[in-house]
């Protein structure tokens, strides 16, 4: 099949490469000059393990152009552009509308427009009314939401849990289902608005599990329970499962924060108060603040204290810092007068010129450094915000010697060996964990229980 993809972000580029490897003649349109140049060299403009290899393997089945007009006749054109949050949390559909308008204007009769971007329920119906139907050229619109996880997107493309196809015309639904030939997954066919709602409902429910386990972690600290055991016991129930029950400092990234806010806004403008979702969003916001509060207490204030924040990518395996808990915590600490050194092995910050190579001042009191050792040197506290293997497997005995008293380790992902760090003398602070008190520096009064704050 002849397929076009508009947008070379995480979703669009993985989809284009996957479609080409699936045997479809695929062309991707990307207007950004720097991204376009990298794509023509068969290099992804962001970190996604294995994607460069997919781009090379796609060979002549995948071509790159700078605009929709250059695509030529296509059987299907997939739209995968950004839908960032607006001021009130609503999805900003500017790029989506521009893409649909251009596709409708240039597409050959009988083309199927496939919406891969995440848009609020009801959007597709409106786009059909405003753009597709008036064209009167036999165009069809299909909602085909994505369920790709950054860092594991290639696996998810090849092994999806389900393929959702929302369409009003049976022939259009059939054509979109054919795009996934060779992929063994159930296909759910529904209407356009239900397909849009499936995407939002799935992300909202996963975010709810994260915020729920964070609230349980907070309660564990108050009553003396151990969140690791609690989460394990809860996850053994097959009705609940173990996924997304890892307590920590909250969810981030390009999907959960944006999609939960957009769904809450959609409910509000339709006259419904989605109080459960409001609480999910608020719990996630509060988890990051609790880190700052806890450090303020443990360090006797934040002004002039030295703190290392490890992890700027919102999760390991990606360089994406959108809605990064670690970055928000670091900026908040610096705003309260702390001297903050941040380190991440891969994260790309728009205002820092890319991955670290030498120290970069991000703002007053906030410096990005080039190595883990540089980050923790002379630090009185460390916040592990992303569970990169480099941090989990680090030589913490050496890091102990590099740090200064009181040597607090705030394990924001519960990814470290709490008992081992406490035995080394660190003042270990987990998330709803109960550990032995630190036995190190004599000038620090040891705690009797785990010191934590909850978060995921």
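Structure values in brief
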| quantity | calculated |
| --- | --- |
| One residue from 247, 231 being surrounded by fewer than 22 Cβ atoms within 10 Å (Cβ to Cβ) and either in contact (Cβ under 8 Å) with a residue 12 or more places away in the chain or assigned to a loop (DSSP other than H, G, I, E, B) (or both) | 231 |
| Matching option when the condition is closer than 30 Å to residue 86 by Cα and modelled with pLDDT of 95 or more, among 198, 216 | 198 |
| Positions within the range 362-385 being part of a loop (DSSP other than H, G, I, E, B), out of contact with any helix residue (DSSP H, G or I) (no Cβ under 6 Å at 6 or more places or on another chain) and crowded, with 18+ Cβ neighbours inside 10 Å, in sequence order | 379, 380 |
| Residue check, residue 185 farther than 28 Å from residue 267 by Cα, touching a strand residue (DSSP E or B) at 6+ places or on another chain (Cβ under 6 Å) and either in a loop (DSSP other than H, G, I, E, B) or at pLDDT below 95 (or both) | yes |
| Those residues of the range 188-205 which are in a helix (DSSP H, G or I) and touching a helix residue (DSSP H, G or I) at 6+ places or on another chain (Cβ under 7 Å), in sequence order | 192, 193, 196, 200, 203, 204 |
| Qualifying position, being under 25 Å from the mean Cα position of the chain (by Cα), in a loop (DSSP other than H, G, I, E, B), in the same structural domain as residue 66 (by TED's automatic domain parsing) and farther than 22 Å from residue 349 by Cβ, among 31, 17 | 31 |
| Residue match in the range 52-66 (condition: within 21 Å of residue 172 (Cα to Cα) and either within 28 Å of the chain's Cα centre (by Cα) or crowded, with 17+ Cβ neighbours inside 10 Å (or both)) | no |
| Flag for residue 309 being under 19 Å from residue 414 (Cβ atoms), under 19 Å from the mean Cα position of the chain (by Cα) and assigned to a strand (DSSP E or B) | yes |
| Per-region count, the range 188-211, residues surrounded by 15 or more Cβ atoms within 10 Å (Cβ to Cβ), out of contact with any strand residue (DSSP E or B) (no Cβ under 8 Å at 6 or more places or on another chain) and either over 30 Å from residue 293 (Cβ atoms) or without any contact (Cβ under 8 Å) to a residue 24 or more places away in the chain (or both) | 3 |
| Residue within the range 255-262 that is in the same structural domain as residue 412 (by TED's automatic domain parsing) and part of a loop (DSSP other than H, G, I, E, B) present | no |
| Residues located in the range 39-48, provided they are surrounded by 15 or more Cβ atoms within 10 Å (Cβ to Cβ) and either in contact with a helix residue (DSSP H, G or I) (Cβ under 9 Å, 6 or more places away or on another chain) or over 23 Å from residue 316 (Cα atoms) (or both) | 39, 42, 44, 45, 46, 48 |
| Residues of the range 68-78 satisfying the condition of being surrounded by fewer than 22 Cβ atoms within 10 Å (Cβ to Cβ) and within 18 Å of residue 143 (Cβ to Cβ) | 75 |
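The values are calculated or read from the model by the stated rules, or taken from the named source; none is laboratory data. Computed from a predicted structure; not experimentally measured. All Cβ positions, glycine included, derive from the backbone under ideal geometry; neighbour counts span all protein chains shown.
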